[in-house]
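Take a look at the structure set out below.
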Amino acid sequence: MTQDEVETAAQGGGARWRIAMLVVMGLLGAAVLIALIVTLGHANRQRDRALELQAHSYDVMILARTLSGTIARSEASLGRYVISGDKQLGQLYFDEWLLAGTQIDRLDQITNDNPEQQPRVDRLRAAYDARGRELSLTALNTRYGKNGQALARYYQGRKAPTLIEINTTLDTLIARERALLDDRTAAALGSVERSSWVAGVLAIFGVLIVLGAILLGWFTIRAVGERATALADAELERERADELTTAVAAATAELRVQEAKLRQIQKMEAVGQLTGGIAHDFNNMLAVVLGGLELARRNLASDPASVRRHIDSATEGANRAAALTRRLLAFSREDSLKAETIDAAALVSGMSDLLDRTLGDAITVIVRDDAAGGCVRADRVQLENAVLNLAVNARDAMNGRGTLTVATGTTTLAAEQVGRCAAGDYVTIIVGDDGCGMAPDVAERVFEPFFTTKEVGKGTGLGLSQIFALVQQLHGEVGIVSAPGKGTTVTLYLPRAAELAAMPLPTVPIAMVEPSAAPTMPETLQILVVEDDPRVLAATTGALEEIGHHPIACDDPLAAPALLAANPGIGLIISDVLMPRQTGPEMIAALSPLYPHVAVLFVTGFAGEVNVAQFGGHEVLRKPFTLNGLERAVMTAMATERRETNHPIAAE
């Protein structure tokens with residue numbers, strides 16, 4: 001064989017080797033590409049499966065949380081239905097409960113692939129059915145007007161084993177799905193990591209499979225991005241589930257701490273608060289009656305005109321006592337209430353004395369009428385109760401001392417200008433105070449049932465919610481304006497009715513009397529009489545003149561120092577105890593260092609929380625009293641002053 005043939009043979013062998021290498025490299029490249037494709041396909045399938053399983057677990061958890069929220073809303077609606085008797089709330093409870101049943105059916109469907117969860121779903125369905133039977137009894141009692149029995153069943157049901165079983169089963173089901181979600185997420189991450197390792201090994205085979213390496217890298221980057229997105233979505237869903245859990249827990253806790261009071265019980269509590277003030281009113285009315293009769297008896301022969309005047313005064317006091325008695329009986333009655341046409345201004349004016357005695361002398365009540373005879377169609381007792389309730393709340397906001405304004409007026413509103421009211425003419429009843437006021441977030445919740453800003457034991461949280469329910473029944477609206485430190489103004493917007501001639505309530509005269517034996521006539525004295533009520537002041541000065549003294553009238557305790565300075569001959573101060581701007585003991589405590597020689601006599605029919613010892617040892621004359629009792633008290637006060645030149649002065 002020649003050299004050329006050898007070289008040709010060698011070149012042919014090299015070509016064949018190169019071809020073989022190319023073939024081998026091509027096959028190897030094809031194998032690598034196939035392996036890469038298979039690996040990436042498997043990774044994609046694993047990832048899709050993991051995402052599908054994750055989404056399935058989220059569906060189960062979200063549906064379970066939604067079911068818990070639906071049950072909580074249904075029971076909350078039932079609670080409000082039991083309290084208010086509103087049939088729309090009852091329908092809302094029924095609809096929410098049926099929705100919870102459909103959600104259980106859906107939960108049963110989506111957990112069919114997990115035999116471990118099926119027994120829990122079965123227990124949940126059984127607890128739901130049992131709980132539904134319990135709640136249906138409560139709703140049935142409310143529907144037939146057995147609110148007391150329904151309310152007892154409702155609060156007893158808050159600790160029922162069925163409710164505990166529902167909550168426990170839901171928590172267990174969610175916890176198991178969360179654990180399963182963690183396992184599936186870990187498996188998906190492991191699969192992606194293994195696929196990435198195989199792709200990296202295949203990438204080292206070089207330039208021939210660069211495209212495959214690029215594609216593998218692109219798939220890997222996309223897989224990592226999708227995994228990050230999936231993890232972010234999972235975290236977001238987990239946060240939403242936690243927020244829902246927190247909201248459900250807060251709603252459940254609020255329902256557990258709510259108190260329930262029936263309307264009649266609260267009305268009788270209000271009557272209990274009025275007891276002291278009513279006793280004071282009746283003592284003053286009896287004082288006018290007895291004092292007028294006694295003065296008439298004394299002047300029977302000498303001054304017939306004075307006799308008639310005193311008898312008229314006694315008759316007026318008796319009539320006012322009868323009117324107040326009728327109002328109290330109407331306020332505390334338990335029979336069914338009926339709507340009537342009411343002159344708003346006359347109603348508020350007729351309540352002025354009741355408000356004075358309820359709120360106490362430290363509250364100045366201003367009544368203003370801008371309604372021009374505007375009438376509303378309502379139940380008188382309910383409307384009076386609403387105004388009284390607003391006034392008591394205002395007193396508490398002012399800590400028992402301040403100015404309360406009750407005004408009536410008229411206005412024309414456009415549709416939904418205030419709340420959801422219809423367009424038309426309205427009569428307004430405005431109750432405003434100069435108390436502490438409320439922050440906006442508190443003012444938004446004042447009409448919610450059981451919400452109260454008072455400390456535990458001082459309020460049920462039902463008063464304002466009942467007012468809101470009353471106004472809604474009358475197709476009206478309630479407006480509230482309040483700011484911290486600037487007081488609160490509540491306005492009731494009531495549809496205006498056809499006007500009716502109002503029957504104004506008589507005014508209450510106030511005076512004082514106490515029976516006693518007739519003593520020896522004391523020496524003639526110059527006496528300062530301090531009393532804020534003009535009728536009582538007139539009756540007392542008239543009685544002192546009758547027994548031979550020279551009284552000096554003072555209708556404001558803050559004006560007493562000036563009168564004492566202008567009349568140095570004053571030897572005795574007769575003072576009422578409870579007065580708006582300053583109490584009697586407070587006034588005497590301030591005057592004692594300046595006028596230690598002046599004797600003191602306190603006159604009271606009701607001293608509230610004042611302790612007898614706080615009068616500082618001064619003589620106290622209780623209402624009602626007679627002229628003889630007054631003479632005797634004056635003599636005793638003067639004798640005490642002469643015996644004790646350095647006596648203590650008490651302040652209320």
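The values are calculated or read from the model by the stated rules, or taken from the named source; none is laboratory data. Note that the structure is a prediction, hence the values are computed from the model and not measured. As a convention, Cβ positions derive from the backbone with ideal geometry for all residues, glycine included, and neighbour counts pool all protein chains shown.
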- line: With criteria (1) farther than 30 Å from residue 253 by Cβ; (2) of a type outside the set (Gly, Ala, Ser); (3) surrounded by fewer than 19 Cβ atoms within 10 Å (Cβ to Cβ); (4) at pLDDT 85 or above, residue 499 comes up short on (4)
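Under the condition of being in contact (Cβ under 8 Å) with a residue 60 or more places away in the chain and of a type in the set (A, V, I, L, M), which residue from the range 290-310 is surrounded by the fewest Cβ atoms within 10 Å (Cβ to Cβ)? Talk me through it step by step, then tell me what you get.
Start the filter on the range 290-310 by keeping residues that are in contact (Cβ under 8 Å) with a residue 60 or more places away in the chain, which leaves 290-292, 294-295, 298.
Add one more test, that the residue is of a type in the set (A, V, I, L, M), and what stays is 290, 295.
Details: 290: 21, 295: 23.
My answer is 290.
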- prompt: So is residue 552 modelled with pLDDT of 90 or more, crowded, with 16+ Cβ neighbours inside 10 Å and of a type in the set (A, V, I, L, M) or not?
  reply: yes
message: Tell me the residue from 560, 566, 599 that is surrounded by fewer than 19 Cβ atoms within 10 Å (Cβ to Cβ) and either within 47 Å of the chain's Cα centre (by Cα) or closer than 24 Å to residue 524 by Cα (or both), please.
response: 566
task: Look at the range 541-583 and say how many of its residues are farther than 19 Å from residue 598 by Cα, among the β-branched types (Val, Ile, Thr) and in a helix (DSSP H, G or I).
output: 0
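Of the residues that sit in the range 102-159 and are among the small types (Gly, Ala, Ser) and over 30 Å from residue 57 (Cα atoms), which one is modelled with the lowest pLDDT? Can you show your working first?
Keep residues of the range 102-159 that are among the small types (Gly, Ala, Ser), which gives 126-127, 130, 132, 136, 139, 145, 148, 150, 152, 157.
From what's left, over 30 Å from residue 57 (Cα atoms): 136, 139, 145, 148, 150, 152, 157.
Values: 136: 80, 139: 80, 145: 73, 148: 75, 150: 72, 152: 74, 157: 69.
Top of the filtered list is 157.
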- line: Residue pairs qualifying under the 9 Å Cβ cut-off, at least six apart or on distinct chains, with the first in the range 420-446 being assigned by TED's automatic domain parsing to the domain that holds residue 472 and modelled with pLDDT under 80 and the second being in a loop (DSSP other than H, G, I, E, B) and surrounded by 12 or more Cβ atoms within 10 Å (Cβ to Cβ), are 442/451; 442/453; 443/437; 443/483; 445/451; 446/438; 446/452; 446/453
field: Complete set of residues in the range 455-473 that are modelled with pLDDT under 60 and either within 22 Å of residue 383 (Cα to Cα) or surrounded by 17 or more Cβ atoms within 10 Å (Cβ to Cβ) (or both)
entry: 459, 460, 461, 462
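Scan 452, 520, 489, 507 and give me the residue that is at pLDDT below 60 and closer than 24 Å to residue 354 by Cβ. Walk me through it before giving the result.
Details: 452 fails: at pLDDT below 60; 520 fails: closer than 24 Å to residue 354 by Cβ; 489 fails: at pLDDT below 60.
507 is the lone residue from the list that is at pLDDT below 60 and closer than 24 Å to residue 354 by Cβ.
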field: Meets criteria (more than 17 Å from residue 530 (Cβ to Cβ), modelled with pLDDT of 85 or more, polar (S, T, N, Q) and not assigned by TED's automatic domain parsing to the domain that holds residue 294) for residue 583
entry: no
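Across the range 50-72, what is the number of residues that are touching a residue at least 60 places away in the same chain (Cβ under 8 Å) and charged (D, E, K, R)?
Of all residues in the range 50-72, those touching a residue at least 60 places away in the same chain (Cβ under 8 Å) come to 50-51, 53-54, 57-58, 60-62, 64-69, 71-72.
When the remaining residues are screened for being charged (D, E, K, R), the result is 65.
Count: 1.
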query: Has the range 348-361 got at least one residue that is more than 26 Å from the chain's Cα centre (by Cα), at pLDDT below 85, buried (at least 20 other Cβ atoms within 10 Å of the Cβ) and over 28 Å from residue 483 (Cα atoms)?
result: yes
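Look at residue 288 and say whether it is modelled with pLDDT under 65, part of a helix (DSSP H, G or I) and over 34 Å from the mean Cα position of the chain (by Cα). Walk me through how you get there before you give the answer.
Values: modelled with pLDDT under 65: no; part of a helix (DSSP H, G or I): yes; over 34 Å from the mean Cα position of the chain (by Cα): yes.
No; evaluated as a whole, the condition is false for this residue.
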- prompt: Given the conditions (1) modelled with pLDDT of 85 or more; (2) assigned to a loop (DSSP other than H, G, I, E, B), which single one is not true for residue 408?
  reply: (2)
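Pick from the range 73-110 the residues that are among the charged types (D, E, K, R) and within 20 Å of residue 148 (Cβ to Cβ): which of them is nearest to the chain's Cα centre (by Cα)?
So in the range 73-110, the residues among the charged types (D, E, K, R) come out as 73, 75, 80, 86-87, 95-96, 105-106, 108.
Narrowing the set further to residues that are within 20 Å of residue 148 (Cβ to Cβ) leaves 75, 80, 86-87.
Details: 75: 20, 80: 14, 86: 19, 87: 23 Å.
Result: 80.
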query: Is one or more of the residues making up the range 315-336 at pLDDT 70 or above and surrounded by 21 or more Cβ atoms within 10 Å (Cβ to Cβ)?
result: yes
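Report whether or not residue 448 is more than 14 Å from residue 390 (Cβ to Cβ) and surrounded by fewer than 14 Cβ atoms within 10 Å (Cβ to Cβ).
Numbers: more than 14 Å from residue 390 (Cβ to Cβ): yes; surrounded by fewer than 14 Cβ atoms within 10 Å (Cβ to Cβ): no.
Against the criterion (more than 14 Å from residue 390 (Cβ to Cβ) and surrounded by fewer than 14 Cβ atoms within 10 Å (Cβ to Cβ)), residue 448 does not qualify.
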- line: For residue 377, the lone unmet condition from (1) closer than 18 Å to residue 488 by Cα; (2) out of contact with any helix residue (DSSP H, G or I) (no Cβ under 9 Å at 6 or more places or on another chain); (3) of a type in the set (Lys, Arg) is (1)
